[in-house]
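**Student:** Let me begin by handing over the structure; questions about it come next.
The values are calculated or read from the model by the stated rules, or taken from the named source; none is laboratory data. The structure presented is a predicted model; accordingly, all values stated were derived computationally and were not measured. Reconstructed Cβ throughout: ideal geometry from the backbone, glycine too, with neighbour counts over all protein chains shown. The protein model used for the area step is the full one, side chains on, heavy atoms only, and it has no ligands, DNA or RNA in it. Shrake-Rupley method; radii C 1.70, N 1.55, O 1.52, S 1.80 Å.
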Amino acid sequence: MSSEQQSANEMMVTFEHVNKIFNPGSVNEVTLFNDFNLKLRKGNFISVVGSNGSGKTTMLNLLCGSLPIDSGKITVDGEDITRLKEFERAGFIGRVYQDPSAGTCPELTIMENLALADNKGGSFLLQRGINRQRRDYYRTLLEQLHMGLEDKLGIQVKSLSGGQRQALALLIATMTPLKLLILDEHTAALDPKSAETVMELTQQVVEEKNVTTLMVTHNLKFAADYGNRLFMMHRGNVVFDVMDEAKRSISIKDLTARFDEISIEDGN
């Protein structure tokens with residue numbers, strides 16, 4: 001195997017010459033990505049920061065298939081996924097959203113939510129999907145969250161706190177084998193204590209599953225404290241990128257200084 005092929009095999013995600021224009025042909029036309037290129041290695045936990053409008057969430061939406069690219073190519077684990085629909089990508093990409101209600105079915109019970117996730121991609125009757133053996137399995141999974149949810153299998157998810165729902169959403173997103181975990185501002189709507197708890201759970205899940213993880217966050221402390229790579233986006237470009245030893249030495253002060261530099265460039 002050539003060094004070039006080996007390097008390609010180590011990549012989990014690649015954006016190649018990706019272009020994305022919003023409102024083309026109108027007075028509101030905005031080119032967000034212009035020949036955007038990015039490579040993410042397998043097994044990395046990457047934190048992504050940047051101001052509003054920098055392209056963070058759009059990048060996630062392009063990767064997950066929520067938005068189509070105008071041109072270019074996106075691959076995951078060597079497979080060209082550019083033309084795959086969002087539901088097709090969901091078979092190997094797990095995503096936890098900012099809104100705690102987005103990753104669960106609030107009207108269903110905890111057990112029913114877990115059963116749906118357990119049978120992801122399959123066809124089954126919900127009643128048949130839950131039996132004593134699986135119930136015990138779900139209890140074991142929930143015990144790992146240390147939130148007492150293993151004793152609340154029969155309650156509706158809408159009655160849980162925001163932190164509990166996000167922890168459950170994280171568990172649901174990673175129940176089946178994944179190639180990639182997407183965390184889309186998944187602590188932004190939580191109080192500080194719940195956010196810390198969910199981040200600790202996130203670290204635990206990422207390590208146990210050994211899943212490549214891409215986390216967009218506005219919390220500079222979390223960006224600095226978690227993961228082995230961090231990059232900052234601005235106007236559809238990566239303007240700052242550190243990993244491994246350089247990432248471990250980064251501080252909130254360093255990140256704030258970078259944000260200040262960008263603000264000065266924009267005249268703010």
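**Student:** Can you tell me which residues in region 11-34 are in a strand (DSSP E or B) and of a type in the set (S, T, N, Q)?
**Tutor:** 14, 19, 31, 34
**Student:** Conditions first: (1) open to solvent by 70 Å² or more (accessible area, probe 1.4 Å); (2) in a helix (DSSP H, G or I); (3) touching a strand residue (DSSP E or B) at 6+ places or on another chain (Cβ under 6 Å). Residue 60 passes all but one, so which condition is the exception?
**Tutor:** Single failed check for residue 60: (1).
**Student:** Just the residues that are free of Cβ contacts under 8 Å to residues at least 60 places away in the same chain and surrounded by fewer than 21 Cβ atoms within 10 Å (Cβ to Cβ), please, taken from region 178-201.
**Tutor:** Selection gives 191, 192, 193, 194, 196, 197, 200, 201.
**Student:** Right, another one. For the subset of region 18-57 comprising residues that are over 18 Å from residue 184 (Cα atoms) and of a type in the set (Ser, Thr, Tyr), which member is least open to solvent (accessible area, probe 1.4 Å)?
**Tutor:** So the residue we want is 26.
**Student:** Tell me the helices (runs of 4 or more DSSP H) entirely within region 89-199 that contain at least 2 residues that are at pLDDT below 95 and among the charged types (D, E, K, R).
**Tutor:** Once the helices (runs of 4 or more DSSP H) in region 89-199 are filtered for at least 2 residues that are at pLDDT below 95 and among the charged types (D, E, K, R), what remains is 110-118, 132-143.
**Student:** Residue 84: more than 15 Å from the chain's Cα centre (by Cα) and open to solvent by less than 60 Å² (accessible area, probe 1.4 Å), yes or no?
**Tutor:** yes
**Student:** If we only count strands (runs of 3 or more DSSP E) wholly inside region 200-268, which ones have 2 or more residues that are more than 17 Å from residue 50 (Cβ to Cβ) and modelled with pLDDT of 95 or more?
**Tutor:** 212-216
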